[in-house]
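Asks: Got a structure for you, questions after.
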Amino acid sequence: MNIAANVREFDTGFNAEHRDASFDYCFNYFQQFYEEKRIEELAVAEHIEKSCLHLAFFLASWGMYRGNTELFEHSSRFLRQIVETISKTDPLVWSIDVNQYDEANVRALADLADSLRRCTTRMTGTLVTKIMLGVFGNVPAFDSVFKLARISHERLCIGEKRCSKRPYFLS
């Protein structure tokens, strides 16, 4: 595998106007506040509208504003409580990546998911994990594609001596 060639191919294939780029815009917006140690400023009057818009556009581009979802009936302003919750999230949670999924970190991610679920009455696991993906980048979106892949992975693992079993704590 030629890593340098793969990185070059990825860099040249990026389209800033493609739907996939909405993840980069959302993630980078929120991560900038984390990196500058200004997480709490995400929800102040100066930034709340832009924070909600970044999150809303990311969620919309990934199907979360379709007709059968809770968000369909709401503007981006509906996400204010979610952004306020994000702005109060422990900075340690922002740094968790998949290779750090130990018991304590999984519990912290599950607690964050629970906090996000309490923001609205009909928060689905898919919506929670898409928010966590777009803002923190520390969990996959537990949507239908991920669930199918997980089922396929579990089927492939039957009879395997060494099969990666990660806790699926958010589904």
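Asks: For segment 73-95, state whether one or more residues are assigned to a loop (DSSP other than H, G, I, E, B), modelled with pLDDT under 85, of a type outside the set (Lys, Arg) and over 17 Å from the mean Cα position of the chain (by Cα).
Replies: Yes, some residue in segment 73-95 is assigned to a loop (DSSP other than H, G, I, E, B), modelled with pLDDT under 85, of a type outside the set (Lys, Arg) and over 17 Å from the mean Cα position of the chain (by Cα).
Asks: If you go through segment 74-95 one residue at a time, how many are among the polar types (S, T, N, Q) and within 12 Å of Phe136 (Cα to Cα)?
Replies: The number of residues fulfilling the criteria is 3.
Asks: Something else now. List the pairs whose first member sits in segment 63-78 and is at negative phi and touching a residue at least 60 places away in the same chain (Cβ under 8 Å), whose second member is surrounded by 14 or more Cβ atoms within 10 Å (Cβ to Cβ) and part of a helix (DSSP H, G or I), and whose Cβ atoms are under 8 Å apart, counting only residues at least 6 apart or on separate chains?
Replies: Filtered contacts from segment 63-78: Met64/Leu71; Met64/Thr126; Met64/Leu127; Met64/Lys130.
Asks: Taking the condition of being buried (at least 17 other Cβ atoms within 10 Å of the Cβ) and part of a helix (DSSP H, G or I), how many residues in segment 63-72 meet it?
Replies: Qualifying residue count, segment 63-72: 1.
Residue-wise test of (1) loosely packed, with under 15 Cβ neighbours inside 10 Å; (2) out of contact with any helix residue (DSSP H, G or I) (no Cβ under 9 Å at 6 or more places or on another chain); (3) on the phi > 0 side of the Ramachandran plot; (4) modelled with pLDDT of 95 or more.
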| site | (1), (2), (3), (4) |
| --- | --- |
| Phe10 | yes, yes, no, no |
| Gly13 | yes, yes, no, no |
| Ala21 | yes, no, no, no |
| Asp24 | yes, yes, no, no |
| Tyr34 | no, no, no, yes |
| His47 | no, no, no, yes |
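Asks: Can I ask one more? Among the candidates Ala4, Ala56, single out the residue that is assigned to a helix (DSSP H, G or I), surrounded by 11 or more Cβ atoms within 10 Å (Cβ to Cβ) and either among the aliphatic types (A, V, I, L, M) or at pLDDT below 85 (or both).
Replies: Of the residues listed, the single one that is assigned to a helix (DSSP H, G or I), surrounded by 11 or more Cβ atoms within 10 Å (Cβ to Cβ) and either among the aliphatic types (A, V, I, L, M) or at pLDDT below 85 (or both) is Ala56.
Asks: Quick test for you: out of Tyr29, Tyr25, pick the one residue that is free of Cβ contacts under 8 Å to residues at least 40 places away in the same chain, of a type outside the set (Gly, Ala, Ser), in contact with a His (Cβ under 9 Å, 6 or more places away or on another chain) and within 23 Å of Phe146 (Cβ to Cβ).
Replies: Exactly one of Tyr29, Tyr25 is free of Cβ contacts under 8 Å to residues at least 40 places away in the same chain, of a type outside the set (Gly, Ala, Ser), in contact with a His (Cβ under 9 Å, 6 or more places away or on another chain) and within 23 Å of Phe146 (Cβ to Cβ), namely Tyr25.
The values are calculated or read from the model by the stated rules, or taken from the named source; none is laboratory data. Since the model is a prediction, treat every value here as computed from it, not as a measurement. Positions of Cβ are backbone-derived with ideal geometry, glycine not excepted, and every protein chain shown enters the neighbour counts.
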